[in-house]
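K.L.:
Got a structure here, written out as structure tokens. Questions coming.
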Amino acid sequence: MAYTYPYPQDKFIPNHRALFGSDVRRAFSGKDAMVYDGDGVLISSCDTFQAKVNIATTNYQPLGSPLQQAFITGYTCTLSLTNCVIEDEKFFQDVAAFFMKGRHAPMLTVQSVIYGYNGSESHFVFRDCVPTDDLDLHNFSIGDIIKRTFSLRCNVAPELIRKLTYM
């Protein structure tokens, strides 16, 4: 039995949201995004920012089936950001205080926002984030902009506050 398509084969249905052939000014860049701390203070020297979710799965193959299936067993959320060093901001001071006092690791809150051209925004809040992996304290080379990289692991699920809409 042949598969029937939900539309006639001789009709091309274009993706009206695709950038190809339309106004590329609708594409977003880093100029349309901001990163804030938990108090809503702009992390003004943030150069790059990335939030990732890593999903862990386990395979299952039912008896008699050649198809291996997968189900989600958990996930982790990590943040990576790079700051151009302008000053030792509160964000960095909270982490550095842990080295001096040494009792409790800082639990940081980070907010990321992408501002849409129509007034909408994609706004996430990442709570209870702790430093993980390498943390730049001092690194510099002649003739280069001094930057710090942070890696954070979120201990609370990312929270979507507002979603970006088109048009």
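The values are calculated or read from the model by the stated rules, or taken from the named source; none is laboratory data. These numbers were taken from a predicted model, which means no experiment stands behind them. Quick reminder, even Gly has a Cβ in these numbers, built from the backbone with ideal geometry, and neighbours come from all protein chains shown.
K.L.:
Among the numbered criteria (1) crowded, with 16+ Cβ neighbours inside 10 Å; (2) in contact with a Ser or Thr (Cβ under 6 Å, 6 or more places away or on another chain); (3) not acidic (D, E), which one does F126 miss?
P.N.:
With (1) crowded, with 16+ Cβ neighbours inside 10 Å; (2) in contact with a Ser or Thr (Cβ under 6 Å, 6 or more places away or on another chain); (3) not acidic (D, E) applied to F126, the lone miss is (2).
A quick yes/no check of all residues on (1) modelled with pLDDT of 85 or more; (2) in contact with a Ser or Thr (Cβ under 9 Å, 6 or more places away or on another chain):
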{"site": "L63", "(1), (2)": "yes, no"}
{"site": "T76", "(1), (2)": "yes, no"}
{"site": "V85", "(1), (2)": "no, yes"}
{"site": "F99", "(1), (2)": "no, no"}
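K.L.:
Let me ask you something else. Consider only pairs whose beta carbons are under 8 Å apart and that are at least six residues apart or on different chains; among these, list those whose first residue lies in the stretch 67-79 and is farther than 7 Å from T57 by Cα and whose second residue is assigned to a loop (DSSP other than H, G, I, E, B).
P.N.:
L67/Q61; Q68/Q61; Q69/Q61; Q69/P62; C77/A157; C77/P158; T78/T132
K.L.:
Starting from the stretch 139-167, take each residue that is more than 18 Å from I43 (Cα to Cα) and list its partners that are in a loop (DSSP other than H, G, I, E, B) and of a type in the set (D, E, K, R), counting only C-beta distances under 8 angstrom and pairs at least six apart or across chains.
P.N.:
So the pair list comes out as Y166/R17.
K.L.:
To continue, here is another question. What do you reckon, is T82 over 21 Å from K31 (Cβ atoms) and among the hydroxyl-bearing types (S, T, Y)?
P.N.:
Considered against the rule, which asks whether it is over 21 Å from K31 (Cβ atoms) and among the hydroxyl-bearing types (S, T, Y), T82 comes out as no.
Matching residues to (1) in contact with a Leu (Cβ under 8 Å, 6 or more places away or on another chain); (2) closer than 26 Å to K163 by Cα:
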site: I43; (1), (2): yes, yes
site: Q50; (1), (2): yes, yes
site: S65; (1), (2): no, no
site: M100; (1), (2): no, no
site: Y117; (1), (2): no, yes
site: V125; (1), (2): no, yes
site: D134; (1), (2): no, no
site: D144; (1), (2): no, no
site: L152; (1), (2): yes, yes
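Per-residue answers, yes or no, for (1) closer than 16 Å to T82 by Cα; (2) touching a Cys at 6+ places or on another chain (Cβ under 6 Å); (3) part of a loop (DSSP other than H, G, I, E, B):
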| residue | (1), (2), (3) |
| --- | --- |
| H123 | no, no, no |
| R127 | no, no, no |
| G143 | no, no, yes |
| R153 | yes, no, no |
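K.L.:
Of the residues that make up the stretch 67-77, is at least one in contact with a Lys or Arg (Cβ under 8 Å, 6 or more places away or on another chain) and among the hydroxyl-bearing types (S, T, Y)?
P.N.:
yes
K.L.:
For D23, state whether it is surrounded by 10 or more Cβ atoms within 10 Å (Cβ to Cβ) and at pLDDT below 80.
P.N.:
For D23, the condition - surrounded by 10 or more Cβ atoms within 10 Å (Cβ to Cβ) and at pLDDT below 80 - is not met.
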